[in-house]
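What follows is a short report on a single structure.
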Amino acid sequence: MNSPKSVLDQFPPLFMRSCKLELMELRSNVPGVKSALIATADGFLVASSAPDSHDEKMVAVGSSMIAMGSALVFETGFEGCESLTIEAKDGRIFVRAIPFKTSYVILMVTCRKDTTLAHVLNGVRNFVNEVSTTIPV
């Protein structure tokens, strides 16, 4: 099994800094966003807008959710699970896969229930556009 350090070595410093900066931007520019984080496809934390004791558990579950979504998408005959939205009684969780080299990273955003989903989606699109410029080919 890979250690978090060895898994994170694949990310260039510019990408790591860009993620942290853009996560903070997303959190401050989209009203109602409580937290945002980036994780590897196999559930290791890359960057977070507000480090929390729950981040490690959230990224593990988030990566599993994208994997399960991908399996469901495959079974329907569709192609590629790009995002999931989870509605809870008092908030929402948005999970988005972002292509990275031959795999992907996961963006997870938590927000209040009254947050306009269109604002979150726009913030996520802006995040992806900015961070994508720092992904090595």
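Laboratory data are not the source of any read-out in this text; all were calculated from the coordinates shown. A quick note: this is a predicted structure, and the numbers were derived from the prediction, not measured. Reconstructed Cβ throughout: ideal geometry from the backbone, glycine too, with neighbour counts over all protein chains shown.
List of remarks:
- Distance between modelled label sites at Arg112 and Met16, nm, 7 Å Cα→Cβ extension: 3.4 nm
- Tyr104 sits among other residues whose Cβ lies under 11 Å from its own Cβ, and their net charge, with Lys and Arg +1 and Asp and Glu -1, is 0.
- Gyration tensor (alpha-carbon) shape descriptor, the range 63-137, a/c threshold 1.5: oblate
- The range 15-90 and the range 102-122 have their alpha-carbon centroids 7 Å apart.
- Selected from Ser70, Ile106, Val120, residue furthest toward positive end of dipole (the chain; charges at beta carbon): Val120
- In a reduced charge model with +1 at each Lys and Arg Cβ and -1 at each Asp and Glu Cβ, the chain shows a dipole moment near 280 debye about its Cα centre.
- Our coupling estimate for the range 59-65, obtained by passing each phi through the Karplus curve with A = 6.51, B = -1.76, C = 1.60 and θ = phi - 60°, is 5, 5, 5, x, 5, 5, 5 Hz, Gly and Pro reported as x.
- The helix-only estimate of mean residue ellipticity at 222 nm for the chain, built from DSSP H runs of length n ≥ 4 each weighted as -39500 (n - 2.57), is -14500 deg cm²/dmol after division by the residue total.
- Counted by Cβ distance under 9 Å from Asp90, the other residues give a net charge of +3, where Lys and Arg count +1 and Asp and Glu count -1.
- If you plug the beta carbon distance of Lys89 and Glu56 into 1/(1 + (r/R0)^6) with R0 = 25 Å, you get a FRET efficiency near 0.55.
- Label assignment, Cα extents along the principal axes in Å derived from the structure, set (1) 39, 37, 29; (2) 48, 24, 24; (3) 33, 32, 27: (1)
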